[in-house]
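Below: one structure, written as structure tokens.
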Amino acid sequence: MITDHTTLVIFTFFWALFAPFMINTAVLWLPVVGDIRPAPMYLAGQRAMIFLGIVTIAITGGVRAFLMSAPSLVVCMEIIGLTFALTLALLDLQDRWLPGYLTVPMLLLGLLSAQISEITSASIYGAMAFWFSITVTMVIHSIIAKRNFMSGGDMTMAAACGAWIGIDKFAVFLGLVGMTHLAFCLLSYKFGADQKGGANPEGLPLGPALALTMLVLTIFH
């Protein structure tokens with residue numbers, strides 16, 4: 001007899017089998033297709049980060065399904081959503097680029113997952129609030145620094161994260177994103193990370209902080 005958890009285990013097995021190849025291909029070739037760079041280029045430690053991300057997402061799915069009794073269909077969708085987030089984080093690290101043809105499907109999938117879980121309103125309000133908060137933050141930052149820190153990709157990814165996390169964790173999300181991004185900035189400054197080039201050369205990428213925060217809050221969703 002095939003149980004709900006059996007379906008999840010089978011899905012996770014095939015996802016773990018094919019996801020690394022798909023993520024690696026996306027990070028290598030999407031910037032070429034999007035005319036961000038002329039040829040594929042590996043991010044330093046790319047394969048290790050993909051492996052670590054896949055393992056972490058799989059563990060998160062296991063915790064959600066077996067310890068928190070989340071429905072297997074919802075967990076499967078969360079795994080796909082976190083895979084989008086991981087891919088976007090790697091693209092932002094390498095090219096300062098968050099393409100709409102990844103952020104928008106991630107947003108729509110989050111809304112669909114909320115519909116299945118019957119928390120559609122919280123998801124919609126979360127997407128709106130997260131988009132608005134990141135937009136206002138970037139506007140204020142741009143005015144104070146007298147430089148352009150506006151990024152449509154960051155705004156859309158924030159909205160996508162909001163659709164997955166919901167409005168109830170709005171304040172926690174902002175705090176965690178801020179602390180994670182600050183930690184990343186300090187580490188980059190300390191180790192002299194190169195911040196030039198890419199699609200958005202202004203400042204450090206926000207995508208990794210958004211992805212990591214989404215991962216943490218998904219566990220307690």
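The values are calculated or read from the model by the stated rules, or taken from the named source; none is laboratory data. Owing to the predicted nature of the structure, the values given are computational and were not obtained by experimental measurement. We place every Cβ from the backbone using ideal geometry, glycine too, and count neighbours over all the protein chains shown.
What the table shows:
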| item | result |
| --- | --- |
| Leading residue by the ranking (surrounded by the fewest Cβ atoms within 10 Å (Cβ to Cβ)) among those in the stretch 58-73 that are among the hydrophobic types (A, V, I, L, M, F, W, C) and either in a helix (DSSP H, G or I) or in contact with a Ser or Thr (Cβ under 8 Å, 6 or more places away or on another chain) (or both) | Leu67 |
| Sole residue being in contact (Cβ under 8 Å) with a residue 24 or more places away in the chain, farther than 23 Å from Met77 by Cβ and either in contact with a Pro (Cβ under 6 Å, 6 or more places away or on another chain) or of a type in the set (A, V, I, L, M, F, W, C) (or both), chosen from Phe149, Phe173 | Phe149 |
| Residue in the stretch 112-124 that is within 20 Å of Gly34 (Cα to Cα) and assigned to a helix (DSSP H, G or I) present | no |
| Some residue of the stretch 15-35 being of a type outside the set (S, T, N, Q) and not in a helix (DSSP H, G or I) | yes |
| Leu86 part of a helix (DSSP H, G or I) and at pLDDT below 95 | no |
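A quick yes/no check of all residues on (1) among the charged types (D, E, K, R); (2) closer than 24 Å to Thr7 by Cβ; (3) in contact (Cβ under 8 Å) with a residue 60 or more places away in the chain:
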residue	(1), (2), (3)
Gly53	no, yes, no
Ile57	no, yes, yes
Gln94	no, no, yes
Ser117	no, yes, no
Val136	no, no, no
Ala145	no, no, no
